[in-house]
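Below is one structure; the comments refer to it alone.
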Amino acid sequence: MPIELTPDPEVADLADRTAAFVRDVVIPVEEEHAGITARAGDAVRARLQQAAKDAGVFAPHVSAEHGGHGLDMRARAVVFEEAGYSLFGPLALNIAAPDEGNMHMLEHIATPEQKERYLRPLATGEVRSCFAMTEPSPGAGSDPAALSTRAERVPGGWRIDGRKWFITGADGAAYAICMARTSGEPGDRGGATMFLVDADNPGMKVIRHIETLDESLFGGHCEVVFDGCVVPDDAVLGEVDKGFEYAQVRLGPARMTHCMRWLGIARRAQDIAVGRAADRRLFGSRLAELGMVQQMIADNEIDIAASRGLIRHACWELDQGRSGAQSTAIAKTFTAEAVWRVVDRSLQMCGALGISGDVLLSRFLREVRPFRIYDGPSETHRWAIAKRVVGKHLKAGNRGEA
């Protein structure tokens, strides 16, 4: 089956309008707050989201039923890249992590009642959410099977006990989607369940913000404690003990939407650097006329183009209903590292200006570095990629004995 990567005219138009909105409305706000969302606050978030609604670019990923454009993954790749051209762009369009991934999962898994209570206000930007999965060592991290937070049945519902950390957006979230073990022991591949936990539940507490390299994800990265957190039976998202399987609904698409957004920042960094290189004169010529600078510009273009191709191929697989496990792992690993290279080279081309606060390149560098860790570190993805390749080889009977 041929892979069609050219966007439909409607999608191309939405991408163009998104690019104009980000350039004209979002970037001035981003620059005012140095790319740090905590400096902006919720009032700025609400104002930007209203502006996105007025511009007709809000919630491109959500179904029309919930006020969005209902784009598939290939179409999202085009629009999300344009939104990601600014650190504040995804927030304005309501496609920032973790809310975007939670919306995707709720649309696929939630009951009609849960969609009305949790998805609809999230999709409109009325509330924010978080996804409580990662735990301090020895709990769940790169290996989700290490999940140690436990949920036990109690009359009328479940009691959740455990500790989570690096929970993005937890501060101010209206609810959490909490992954807890309902059977088995840490290390077992199954036995997890997802629970919808309202923020006013006295058994769930955000106990601190974790100081991190990045500061552009709204609500920070927090440590959250579930202590005697009782939820009713209808708080179960999906089926009991199927949480790891449901997580796959979120995982592959979320990897790709992260890639799409950060690719936008890579393009922005390249544009800043090229503008500087074209104007700056050194050693009797423009910086852009020097061979080593030309190589960095070319390598940036190669990394951007290769990332875009891998992302769109993986999105095509997801749109075909395939698992996309291999293609999303490849795209995530390459893009996370390529985006870092692009931003790093761009900063280098700008010299002292690049490390100053006069442009946002140093902020971009801090923001993109953690992407090589979250949603699976590069090393974990490489291990999984190689394991699938070898497994396929052995299954085909090509053992390669001498």
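Among what's in segment 120-142 and is of a type in the set (A, V, I, L, M, F, W, C) and surrounded by fewer than 24 Cβ atoms within 10 Å (Cβ to Cβ), pick the residue that is modelled with the lowest pLDDT. The residue in question is ALA140. Pairs are defined by a Cβ separation below 6 Å, a sequence spacing of at least 6 or placement on different chains, a first member in segment 368-380 that is small (Gly, Ala, Ser), and a second member that is open to solvent by 50 Å² or more (accessible area, probe 1.4 Å) and not in a loop (DSSP other than H, G, I, E, B); the pairs so defined are SER378/ARG372. The criterion of being touching a Ser or Thr at 6+ places or on another chain (Cβ under 8 Å), open to solvent by less than 50 Å² (accessible area, probe 1.4 Å) and either assigned to a strand (DSSP E or B) or under 19 Å from ARG250 (Cα atoms) (or both) holds for ALA151. Taken over segment 69-94, the criterion of being part of a loop (DSSP other than H, G, I, E, B), surrounded by 22 or more Cβ atoms within 10 Å (Cβ to Cβ) and either within 16 Å of the chain's Cα centre (by Cα) or acidic (Asp, Glu) (or both) is satisfied by GLY84, TYR85, SER86, LEU87, PHE88, ASN94.
For segment 154-167, residues that are under 26 Å from LEU91 (Cα atoms) and open to solvent by less than 30 Å² (accessible area, probe 1.4 Å) total 2. Here is the figure for segment 353-388: residues that are in a helix (DSSP H, G or I) and either open to solvent by 60 Å² or more (accessible area, probe 1.4 Å) or under 21 Å from TYR85 (Cα atoms) (or both) total 20. So for segment 267-288 (the condition being touching a Ser or Thr at 6+ places or on another chain (Cβ under 9 Å) and of a type in the set (Phe, Trp, Tyr)), does at least one residue qualify? No, every residue in segment 267-288 fails to be touching a Ser or Thr at 6+ places or on another chain (Cβ under 9 Å) and of a type in the set (Phe, Trp, Tyr).
Set side by side, the residues ALA15, ALA52, ALA97, ALA19 differ, and just one is part of a helix (DSSP H, G or I), open to solvent by less than 30 Å² (accessible area, probe 1.4 Å), touching a helix residue (DSSP H, G or I) at 6+ places or on another chain (Cβ under 9 Å) and under 22 Å from GLU317 (Cβ atoms), which is ALA15. Under the condition of being open to solvent by 30 Å² or more (accessible area, probe 1.4 Å) and in a strand (DSSP E or B), the residues counted in segment 170-203 number 1. Regarding segment 314-330, can at least one residue be identified that is open to solvent by 20 Å² or more (accessible area, probe 1.4 Å), of a type in the set (A, V, I, L, M, F, W, C) and farther than 24 Å from HIS104 by Cα? Looking through segment 314-330, none of the residues is open to solvent by 20 Å² or more (accessible area, probe 1.4 Å), of a type in the set (A, V, I, L, M, F, W, C) and farther than 24 Å from HIS104 by Cα. Number of residues in segment 283-313 that are open to solvent by 40 Å² or more (accessible area, probe 1.4 Å) and touching a strand residue (DSSP E or B) at 6+ places or on another chain (Cβ under 8 Å) equals 1. Among the residues of segment 107-137, those that are in a helix (DSSP H, G or I), in contact (Cβ under 8 Å) with a residue 60 or more places away in the chain and either touching a Ser or Thr at 6+ places or on another chain (Cβ under 8 Å) or of a type in the set (A, V, I, L, M, F, W, C) (or both) comprise ILE109, TYR118, ALA123.
Screening the candidates VAL236, VAL230 for the property of being surrounded by fewer than 22 Cβ atoms within 10 Å (Cβ to Cβ), modelled with pLDDT of 95 or more and in contact with a Ser or Thr (Cβ under 7 Å, 6 or more places away or on another chain) yields one hit, VAL236. Residues considered: HIS33, HIS66. Of these, the only one that is over 20 Å from the mean Cα position of the chain (by Cα) and at pLDDT below 95 is HIS66.
A residue that is open to solvent by 30 Å² or more (accessible area, probe 1.4 Å) and in contact with a helix residue (DSSP H, G or I) (Cβ under 7 Å, 6 or more places away or on another chain) occurs somewhere in segment 257-267.
Yes/no per residue for (1) within 18 Å of GLU245 (Cα to Cα); (2) more than 18 Å from the chain's Cα centre (by Cα):
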site	(1), (2)
PHE131	yes, no
ALA145	yes, yes
ALA151	yes, yes
GLY162	no, yes
TRP165	no, no
ASP171	no, no
ALA180	yes, yes
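Considering each residue of segment 55-68, count those that are in contact (Cβ under 8 Å) with a residue 40 or more places away in the chain, of a type outside the set (A, V, I, L, M, F, W, C) and either crowded, with 17+ Cβ neighbours inside 10 Å or assigned to a helix (DSSP H, G or I) (or both), and give that number. Number satisfying all stated conditions: 4.
The values are calculated or read from the model by the stated rules, or taken from the named source; none is laboratory data. A quick note: this is a predicted structure, and the numbers were derived from the prediction, not measured. Backbone-built Cβ (ideal geometry, glycine too); neighbour counts: all protein chains shown. Quick note on the areas: whole protein, heavy atoms, side chains included, nothing else; ligands and nucleic acids left out. Shrake-Rupley method; radii C 1.70, N 1.55, O 1.52, S 1.80 Å.
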